[in-house]
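J.: Below is a structure I'd like to ask you about.
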Amino acid sequence: MKALIFFVLLITIPFVATSQNRHADSLILVDIYNQLDGPNWNNPDNWLTDQPLELWTGVTIDNDRVSEIALINQNVAGTFPMQIIDLDQLNTFEINKGAISGTIPEELIQLNKLSRFVLSGIGMIGEVPNIFTQFENLQYLVLSNNKFEGSLPDIPDGMLLFYAERNNFSGHIPDSWANVILSNVNIADNELTGTLDIFETWTILSKMNFSDNDWDPGPLPMWLDTKMNLNSFSCKNCNFEGGIPAGFDLRDNLVHEKIVIDGNNIGGDVAALFIGPNSDKKMYLSIRGNKFSGNFPAHLVHSAASIDIQNNNFTSLTPFPDDVSFGTFEIQYNKLNYESLEPVQKYIELDSIINVRYNNMKYALTVDTIIITEPTTVTILAGDNHPNTTYSWVGPTVQGLTESMVNVSIDEFSNDATFQCFMQNETFPDLSLRRNKVVIIKDFSTSVIDRELMKVNIYPNPTNDHIQIELLDKDKTATFSLIENDGRHVSTGSVSDSKIINMQHLNAGIYHLKLQIGTQILTKYIIKL
């Protein structure tokens, strides 16, 4: 009989202990529900009911213990629930969207089974405690879209994913990161400084986003070309400059082909991003807001979800391959005219195979300022020769002319003049083009050295901040205009004896100083450094 009782106790005691642990966990869940404003959650199904814990939304039970709490899009509110410290079997804790005050507690280290820790979009503040290297099982650490500040935390080797975008982290990437290897990193939209060189040693990187920080200026990192598993690289506004490095062959390694390098200062030949063994694989490319120019090599694009080359200085396109597979082609705010858009005209017409967005472009040609010193005729080009283009000119003697170029006789107008051309084309109905201004400055006096006008000192030239006009004949008075290359008068006035013109607020470049004494005119180039 005693043996039977002992056997029953052996069976019953673990069951009672497990039952007690489950009950204790349930009470902790109740506390969390109350602390995080559970009654106002978006979907609190089965919480605080007699339904089994595993049916409470976002709760997972393993071996009769709470192993996961995932409050996703619940709109929680309150303070960080310290009660989770007592859930000693918890391996996942996730809160996504809501408003939780306070900071991450150092006591979190007690959850030694934690493998997934996510606090995203809940507005938490303060510095993040440097405790995560002590989590042996941690695989996913997400601190996105909060107000965390200070240094990025050290992270354990063997972790797979670290996201901390849209916070206020500052300083350099921790030196300890050189000793870890992750596959997914997103630290975009913080206040981080320094370089990205520490990632050169990370061999399994597949996704990384370093956009919108304060990185040191430098070239596109050559180590990108060594990442054999890389399928997504984003670095918008990363202060990259120069051209694409020689020998760069990024598509030799990319798997899913996502490259986003918007808002940098990269220029030169973009073709390096399209060569390599994987050039026929689908890609997503965004290089908007850089300094690429010349020809865009569309003939190298075989398959793409989207290509965005907006706001560069491309002036021509090659035709796509006949069998191209494509989504969207964003080409606005380049220097493409109707003639250079011909290779994509058939896709614009169909508007189904490739969605080409082309309806805004930079002005055709460049701003020209022409100083004329003797009677002559000046030929001005509109900047497009497409057969279906109509032209409308504005300016003295050319008003209403409809040709692709006009001849301007200087004798036919008396003062400085500005000319411009407006263009339309029925083949490209969504795009209106405009030729940049041409400013003609008549200055016949500059061809004759006038003894009277030489009694003027203009200095310093070149200058960093100002020029001074000094009249050597103190009985004279002069008027002046300081003119930009586009013909805009940035400073005007009169001079008696001497005058200082402030140029500190002006961009570096060449300006024209027009000085008039009576009927005599002197024009000088002024170089602003």
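The values are calculated or read from the model by the stated rules, or taken from the named source; none is laboratory data. Predicted, not measured: the structure shown is a model, and the values here were computed from it. Because the Cβ atoms are built from the backbone with ideal geometry, glycine has one as well, and the counts that use them run over all protein chains shown.
J.: Identify all residues within region 262-287 that are over 18 Å from residue 326 (Cα atoms), of a type outside the set (Asp, Glu) and either at pLDDT 90 or above or outside the structural domain of residue 313 (by TED's automatic domain parsing) (or both); write none if there are none.
T.: Listed by number, the residues that qualify are 263, 264, 265, 266, 267.
J.: I would also like to ask the following. Which ones in region 470-490 are within 21 Å of residue 371 (Cα to Cα) and either touching a residue at least 12 places away in the same chain (Cβ under 8 Å) or touching a helix residue (DSSP H, G or I) at 6+ places or on another chain (Cβ under 6 Å) (or both)?
T.: Start the filter on region 470-490 by keeping residues that are within 21 Å of residue 371 (Cα to Cα), which leaves 478-490.
Across region 470-490, the qualifying residues are 478, 479, 480, 481, 482, 483, 484, 485, 486, 487, 490.
J.: I'd like to check something: does region 368-382 contain any residue that is buried (at least 16 other Cβ atoms within 10 Å of the Cβ), in the same structural domain as residue 432 (by TED's automatic domain parsing) and either assigned to a loop (DSSP other than H, G, I, E, B) or within 26 Å of the chain's Cα centre (by Cα) (or both)?
T.: Checked region 368-382: at least one residue is buried (at least 16 other Cβ atoms within 10 Å of the Cβ), in the same structural domain as residue 432 (by TED's automatic domain parsing) and either assigned to a loop (DSSP other than H, G, I, E, B) or within 26 Å of the chain's Cα centre (by Cα) (or both).
J.: Could you run through region 458-472 and say how many residues are farther than 18 Å from residue 512 by Cβ and exposed (fewer than 12 other Cβ atoms within 10 Å of the Cβ)?
T.: 2
Okay, residues lined up against (1) among the small types (Gly, Ala, Ser); (2) surrounded by 16 or more Cβ atoms within 10 Å (Cβ to Cβ):
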| position | (1), (2) |
| --- | --- |
| 86 | no, no |
| 94 | no, yes |
| 101 | yes, no |
| 106 | no, no |
| 114 | no, yes |
| 122 | no, yes |
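J.: Please find, within region 165-201, the residue that is modelled with the lowest pLDDT out of those that are part of a loop (DSSP other than H, G, I, E, B), over 21 Å from residue 219 (Cβ atoms) and among the hydrophobic types (A, V, I, L, M, F, W, C).
T.: Step by step, filter region 165-201, then rank; the result is 181.
J.: Residues 363, 347: which one is over 22 Å from residue 268 (Cα atoms) and in contact with a strand residue (DSSP E or B) (Cβ under 8 Å, 6 or more places away or on another chain)?
T.: After ruling out the rest, the residue left standing is 347.
J.: Okay, next question. Restricting attention to strands (runs of 3 or more DSSP E) lying wholly within region 51-117, give those where 3 or more residues are on the phi > 0 side of the Ramachandran plot.
T.: Fully inside region 51-117 and qualifying: 65-79.
J.: Just one of 345, 332 is surrounded by fewer than 20 Cβ atoms within 10 Å (Cβ to Cβ), assigned to a helix (DSSP H, G or I) and in the same structural domain as residue 238 (by TED's automatic domain parsing); which is it?
T.: One residue alone meets the criteria, 345.
J.: What is the number of the single condition among (1) under 23 Å from residue 227 (Cα atoms); (2) surrounded by 15 or more Cβ atoms within 10 Å (Cβ to Cβ) that residue 178 does not meet?
T.: Unmet condition: (2).
J.: List the pairs whose first member sits in region 295-312 and is surrounded by fewer than 19 Cβ atoms within 10 Å (Cβ to Cβ), whose second member is of a type in the set (A, V, I, L, M, F, W, C) and assigned to a helix (DSSP H, G or I), and whose Cβ atoms are under 6 Å apart, counting only residues at least 6 apart or on separate chains?
T.: 297/271
J.: Within region 469-498, restricting attention to residues that are touching a Ser or Thr at 6+ places or on another chain (Cβ under 6 Å) and assigned to a loop (DSSP other than H, G, I, E, B), which residue is farthest from residue 441 (Cα to Cα)?
T.: The residue in question is 485.
J.: What about residue 356, is it surrounded by 19 or more Cβ atoms within 10 Å (Cβ to Cβ) and in contact with a helix residue (DSSP H, G or I) (Cβ under 7 Å, 6 or more places away or on another chain)? If you could, list the steps in order and put the result at the bottom.
T.: Numbers: surrounded by 19 or more Cβ atoms within 10 Å (Cβ to Cβ): yes; in contact with a helix residue (DSSP H, G or I) (Cβ under 7 Å, 6 or more places away or on another chain): yes.
Answer is yes for this residue.
J.: Would you confirm, using the coordinates I've provided, whether residue 190 is under 14 Å from residue 210 (Cα atoms) and surrounded by fewer than 21 Cβ atoms within 10 Å (Cβ to Cβ)?
T.: In short, no.
J.: Something else: Say we look at region 414-428 and pick out the residues that are assigned to a loop (DSSP other than H, G, I, E, B) and modelled with pLDDT under 90; which of these is surrounded by the most Cβ atoms within 10 Å (Cβ to Cβ)?
T.: In this case the residue turns out to be 416.
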